[in-house]
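Have a look at the structure below, then the notes.
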Amino acid sequence: MLALAEQVKGRFQGDPSFEYNLAEMNAEAAASLIQSGKEPVMKEEARLTATIELIDRAVGIVPRGAFVKTPLGTVHENRHFEGLSLAEAKKLSSYFHFTDPVNLKNKTLLEKADLDPSTDFLDSLEHDIPRGSWSIQLEKAGTVVVLRSLLWLGLTFYHVPMTKQFGYIYFGTGEKNLDLPFML
């Protein structure tokens, strides 16, 4: 479903029952669906669900230390997390993608030696490709740090330094900014 949702281009129609005809958009994807016995259509409701999942996977982030990984591999909210300092909150390396790590496995042993396995088990934003896909700003005289994604325009993350307050929200069109590498 996620791969099909990425095939559909353009804005949402606003009608959950609207059906996108995939045969008009991508003949190869439609042919593979027909061979598997499925109809080459996608409802807007399914596209919206898949797009939300894509956004969460690509740009859902948390501050460093907000979650911990136990030796058994389970992830829990860190009850001792008291927020990042203002100096740390201004750095991209202090924020992680809240999904399964991809780049962490590719690090050398020397790079992994500096990491704490209980808090540094996710991918850092500083290594995102393309570089420059995040914007960091200070709001309210430096009392709130705001990160904005340039890949999914409309995603805003906030963190109040020295507190447990953080979160993100998406107010966008549901379209990935594919022109980002040419804009940087």
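The values are calculated or read from the model by the stated rules, or taken from the named source; none is laboratory data. What you see is a predicted model, and the numbers here were worked out from it, not measured in a lab. Every residue, glycine as well, gets a Cβ built from its backbone with ideal geometry; the counts of neighbours run over all protein chains shown. Protein only, heavy atoms only, side chains kept; ligands, DNA and RNA dropped before computing areas. Shrake-Rupley method; radii C 1.70, N 1.55, O 1.52, S 1.80 Å.
Annotation note: of TYR170, TYR158, the sole residue that is over 22 Å from LEU2 (Cβ atoms) and of a type in the set (Phe, Trp, Tyr) is TYR158. Only residues that are modelled with pLDDT under 90 and over 12 Å from PHE166 (Cβ atoms) were counted across segment 85-107, and they come to 11. For VAL62, indicate whether it is assigned to a strand (DSSP E or B), open to solvent by less than 70 Å² (accessible area, probe 1.4 Å) and either touching a Phe, Trp or Tyr at 6+ places or on another chain (Cβ under 8 Å) or closer than 26 Å to GLN137 by Cα (or both). In short, yes. Quick one: would you say SER17 is surrounded by fewer than 14 Cβ atoms within 10 Å (Cβ to Cβ), outside any loop (DSSP other than H, G, I, E, B), at pLDDT 85 or above and touching a strand residue (DSSP E or B) at 6+ places or on another chain (Cβ under 8 Å)? The answer is no for SER17. From the list GLU82, GLU6, GLU39, the lone residue that is at pLDDT below 80 and either aliphatic (A, V, I, L, M) or open to solvent by 80 Å² or more (accessible area, probe 1.4 Å) (or both) is GLU39. If you check PHE171 against the conditions, is it surrounded by fewer than 16 Cβ atoms within 10 Å (Cβ to Cβ), out of contact with any His (no Cβ under 6 Å at 6 or more places or on another chain) and free of Cβ contacts under 8 Å to residues at least 12 places away in the same chain? When the stated conditions are applied, PHE171 does not pass them. Might you check whether a residue that is within 15 Å of ALA58 (Cα to Cα) and part of a loop (DSSP other than H, G, I, E, B) occurs anywhere in segment 135-149? The answer is no; no qualifying residue exists.
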